[in-house]
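What follows is a set of notes on a single structure, which appears directly below.
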Amino acid sequence: MAARIGIFAVVVAVFLSIPAFSSAQDLQIVNAERRIDLSSHIVKAFLTLKVENIGKNPAAEMLLAFSPTQIKNLAMVQALAITGKKKKKTYLPLDVKPTEQPDAPNDTGYYRVTFISPLGPGETVSLEVLYILTHSLEPFPVEITQSESQLVYYHDSAVILSPYHVKQQTTFVKTPSTRVESFTSIEPANRAGKEIKYGPYENRASYSYAPVIIHFENNSPFAVVEELVREIEISHWGSLQITEHYRLTHGGARHKDVFSRVDYQSKRSVSGASSFNALLAVLPPRVNSVYYRDDIGNISTSHLRTGFRKSELEFEPRYPLFGGWRATFIIGYRVPLEDYLFEASDGRRYLNFTFGCPLVETIVNKLTIKVVLPEGSKDPSAVLPFTVNQELQVKYSYLDIVGRTVVVLQKDNVVPTHNVPFQVYYTFKPIYMLAEPFMLVSAFFFVFVASLAYVHIDLNIARK
Amino acid sequence: MAAKPIASPIPVALYPTLSVFTLAIGLVITAIFFIYETTSSRKNRSLGKELATSAVASVFLGFGSLFLLLASGVYV
């Protein structure tokens, strides 16, 4: 009996002494400043947070909360820890991962940020969080004529949604032009030129939310690539051939009524203010054999400027794009192999290439990157800084017997911030390169042997 | 981090020149083979000589056509 009580006491003591990392209520945000940039159709928000640990246990991580609509449209979340003062500030990247919490109110979505070292009780840390939202500007009116300007809604909260108590916060919203039709006013809120200031708000409880709608003019090009398939073909004989298939749309207010070419060309500043007719693609520096064509044929309205650090291809579709209009085209180019294929220290070869879409300021709804490895490659694997869907396919191309392995990487909701290098590793024995010339040599030899057989075989019926 | 760039075993700028020379040599040896076929009689023909000539000719022609494909942009 005494032994049982003793065991029970020991078990309870063990449970109580396990160092528990703090729950959500042990952190507090002392100061938060949010800057939302609405200049283009990709919404960028910069959060500067000063987090304090008011609990008794060290905190290893914190949670960032997003409303259900924002979680669906979030393209990227990055966090940096700021150390040092004024001139000697250093920024260290932090690990950010999406996470689910069991007791989330109203389907809130979360991202977990892991600190570099656990935050002790009473300590503060400064963080800078960048998050990017796509498809968050809703055109209103939904349809506009050629001579109207494009107005959009932006839905957000004046108070930062957070699972922690926020002592002081301010939000600055930057619009592309001074024309703001209306904005929800949650005291104190005021507008000066292109900036709307919400705040400062004091002592808001956790999960407080004050929805605001800002109705403003945004004529920046709403270039949305619905589907992009990039095929990178590696040839060990010296080049990398990249072929990109685009399906481009204008993602803003839909165009209604007629399109008048006369109005468009004579009153260009008024007519088609939200339309765009030229796009810029940033290509690698030593690029050659660039082509721009579609199903009809070659499109000649393009300019290529090669440079030392990058090349720029400025191209125009066959017609300007208004809201809801589509253009499909193919861009292809070749780059030298030695810029992108390397040998790792363990003997494997790897391709180091840039992920994402070469077009500037465009959202890609569905991006597929296919890396075609040469015949005879084994054990392919891809290394990326973010999650993608991976699979393997087989492609039959010139002089192929068994086919080439294709590593397919697929990602949704891609923004220009995703243009970071990624690697694809594989093993390859150089002797396999001789398979192609050997096939050609044996084909020619077969022709010679056939002619020899023809000369030697005696088809006479009469005996000599 | 030993990041050694991998390049083609033969410099890419040499592909057009190499293709012209290897194809030329291959065609010359093909000519030698067919001249041997037509000028020798059935008794004097030596199968070893024929096979050797055709093997050398097919090697040169094979590599020549590979370099021709590479030089014209079909990176096989």
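The values are calculated or read from the model by the stated rules, or taken from the named source; none is laboratory data. Keep in mind that this is a model prediction, so the values were computed, not measured. Cβ placement follows ideal geometry from the backbone for every residue including glycine, while neighbour counts extend to all protein chains displayed. Each accessible area value is taken on the protein alone, full model and side chains, heavy atoms only, with ligands, DNA and RNA left out. Shrake-Rupley method; radii C 1.70, N 1.55, O 1.52, S 1.80 Å.
Taken over region A:74-92, the criterion of being open to solvent by 40 Å² or more (accessible area, probe 1.4 Å) and under 17 Å from A:Ala45 (Cα atoms) is satisfied by A:Gln78, A:Leu80. Has region A:414-430 got at least one residue that is within 12 Å of another protein chain (Cβ to nearest Cβ) and out of contact with any strand residue (DSSP E or B) (no Cβ under 8 Å at 6 or more places or on another chain)? Yes, there is a match, as at least one residue in region A:414-430 is within 12 Å of another protein chain (Cβ to nearest Cβ) and out of contact with any strand residue (DSSP E or B) (no Cβ under 8 Å at 6 or more places or on another chain). Restricting the first member to region B:39-67 and to residues that are closer than 17 Å to A:Glu436 by Cα, and the second to residues that are among the aromatic types (Phe, Trp, Tyr) and open to solvent by 60 Å² or more (accessible area, probe 1.4 Å), the beta-carbon pairs closer than 6 Å and six or more apart or on different chains are B:Ser58/A:Phe444; B:Ser58/A:Phe445; B:Leu61/A:Phe444; B:Gly62/A:Phe444. Taking the stated definitions as given, is B:Leu14 open to solvent by 40 Å² or more (accessible area, probe 1.4 Å), free of Cβ contacts under 8 Å to residues at least 40 places away in the same chain and part of a helix (DSSP H, G or I)? The answer is yes for B:Leu14. Among the residues of region A:448-460, those that are open to solvent by 90 Å² or more (accessible area, probe 1.4 Å) and aliphatic (A, V, I, L, M) comprise A:Ile457, A:Leu459. Please work out which one of (1) closer than 27 Å to A:Ser206 by Cβ; (2) touching a residue at least 12 places away in the same chain (Cβ under 8 Å) is the condition A:Glu138 fails and give its number. Looking at each condition in turn, A:Glu138 falls short on (1).
Scanning region A:255-274 for residues that are within 33 Å of the chain's Cα centre (by Cα) and free of Cβ contacts under 8 Å to residues at least 60 places away in the same chain gives A:Arg268, A:Ser269.
Mind checking whether some residue in region B:27-49 is of a type in the set (Val, Ile, Thr), outside any helix (DSSP H, G or I) and at pLDDT 90 or above? Looking through region B:27-49, none of the residues is of a type in the set (Val, Ile, Thr), outside any helix (DSSP H, G or I) and at pLDDT 90 or above.
Condition check ((1) in contact with a Gly (Cβ under 9 Å, 6 or more places away or on another chain); (2) outside any strand (DSSP E or B)) across all residues:
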{"position": "A:Ile71", "(1), (2)": "yes, yes"}
{"position": "A:Ala81", "(1), (2)": "no, no"}
{"position": "A:Tyr111", "(1), (2)": "no, no"}
{"position": "A:Ile116", "(1), (2)": "no, no"}
{"position": "A:Ser126", "(1), (2)": "no, no"}
{"position": "A:Val129", "(1), (2)": "no, no"}
{"position": "A:Ser149", "(1), (2)": "no, yes"}
{"position": "A:Ser162", "(1), (2)": "no, yes"}
{"position": "A:Thr171", "(1), (2)": "yes, no"}
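For region A:405-439, taking the residues that are charged (D, E, K, R) and not in a strand (DSSP E or B), the one that is most open to solvent (accessible area, probe 1.4 Å) is identified as A:Lys429. If the condition is being surrounded by fewer than 16 Cβ atoms within 10 Å (Cβ to Cβ) and either small (Gly, Ala, Ser) or farther than 28 Å from A:Lys378 by Cβ (or both), then region A:347-364 contributes A:Gly347, A:Val360.
Listed here are the strands (runs of 3 or more DSSP E) enclosed by region A:198-309 that have at least 2 residues being within 14 Å of another protein chain (Cβ to nearest Cβ): A:223-235, A:239-250, A:288-293. Could we say that A:Ser442 is within 24 Å of A:Phe342 (Cβ to Cβ), within 14 Å of another protein chain (Cβ to nearest Cβ), hydroxyl-bearing (Ser, Thr, Tyr) and open to solvent by less than 70 Å² (accessible area, probe 1.4 Å) here? Considered against the rule, which asks whether it is within 24 Å of A:Phe342 (Cβ to Cβ), within 14 Å of another protein chain (Cβ to nearest Cβ), hydroxyl-bearing (Ser, Thr, Tyr) and open to solvent by less than 70 Å² (accessible area, probe 1.4 Å), A:Ser442 comes out as no.
When each of A:Gly332, A:Gly323 is tested for being on the phi < 0 side of the Ramachandran plot and within 14 Å of another protein chain (Cβ to nearest Cβ), the lone residue that passes is A:Gly332. Against the numbered list (1) open to solvent by 60 Å² or more (accessible area, probe 1.4 Å); (2) without any contact (Cβ under 8 Å) to a residue 24 or more places away in the chain, A:Gly193 comes up short only at (1).
Filtered by the rule that a residue be under 21 Å from A:Asp412 (Cα atoms), more than 14 Å from chain B (Cβ to nearest Cβ), in a strand (DSSP E or B) and out of contact with any Pro (no Cβ under 9 Å at 6 or more places or on another chain), region A:364-384 gives A:Val364, A:Asn365, A:Lys366, A:Leu367, A:Thr368, A:Ile369, A:Lys370, A:Ser381, A:Ala382.
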